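Data block below; observations after.
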Amino acid sequence: VDAFQAWCGPCKAVVDLFRKIRNEVGSHLLHFAVAEVDSIDGLEEYRGKCEPVFLLYAEGELVAVVRGANAPVLQKTILEQL
C-alpha cells in the first residue's frame, strides 16, 4: 500500500517498479493499492511528513514498512516478503 497525504500525493515514481515486480512474480501473488492517510483513521501515524511510506501486508497483517522512495530497498523488501 502506498500510504500518502493529499497535500503530497501518491508516489508516482515507483509505479513502474510495482508493475515490473508484479509482472515478474505474477498478479496472483502481489497486489498494489494507494491509501490517503488523511482520510483513514487507522493510518494516522503516517501523517505529517512528505515522505512516501509503503506498507506491506500478508494475510491481513502488516509485515513490513518501507519509508522513502528507495527503489532498491523497496524491491528487496517486497521480494523478501513474497
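Here are the numbers for the structure shown:
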{"item": "Complete set of residues in the stretch 55-81 that are touching a residue at least 24 places away in the same chain (Cβ under 8 Å), aliphatic (A, V, I, L, M) and surrounded by 13 or more Cβ atoms within 10 Å (Cβ to Cβ)", "result": "55, 56, 69, 71, 74, 78"}
{"item": "Of residues in the stretch 11-32 being open to solvent by 50 Å² or more (accessible area, probe 1.4 Å) and either outside any helix (DSSP H, G or I) or of a type outside the set (D, E, K, R) (or both), the one nearest to residue 51 (Cα to Cα)", "result": "13"}
{"item": "Residues that are within 16 Å of residue 69 (Cα to Cα) and either among the charged types (D, E, K, R) or within 12 Å of the chain's Cα centre (by Cα) (or both), drawn from the stretch 14-34", "result": "14, 15, 16, 17, 18, 19, 20, 32, 33, 34"}
{"item": "Any hit, the stretch 4-17, residues being without any contact (Cβ under 8 Å) to a residue 24 or more places away in the chain, in contact with a Phe, Trp or Tyr (Cβ under 6 Å, 6 or more places away or on another chain) and not aliphatic (A, V, I, L, M)", "result": "no"}
{"item": "Residue check for residue 44: open to solvent by less than 70 Å² (accessible area, probe 1.4 Å) and farther than 18 Å from residue 78 by Cβ", "result": "no"}
{"item": "Residue 43 vs. criteria assigned to a loop (DSSP other than H, G, I, E, B) and among the hydrophobic types (A, V, I, L, M, F, W, C)", "result": "no"}
{"item": "Among residues of the stretch 46-74, those that are among the basic types (Lys, Arg) and part of a strand (DSSP E or B), counted", "result": "1"}
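The values are calculated or read from the model by the stated rules, or taken from the named source; none is laboratory data. Just so it is clear, the model here is predicted, and its values are computed rather than measured. No Cβ is skipped: glycine too gets one built from the backbone with ideal geometry, and neighbour counts run over all protein chains shown. The accessibility values were calculated without ligands, DNA or RNA, using every heavy atom of the protein model including side chains. Shrake-Rupley method; radii C 1.70, N 1.55, O 1.52, S 1.80 Å.
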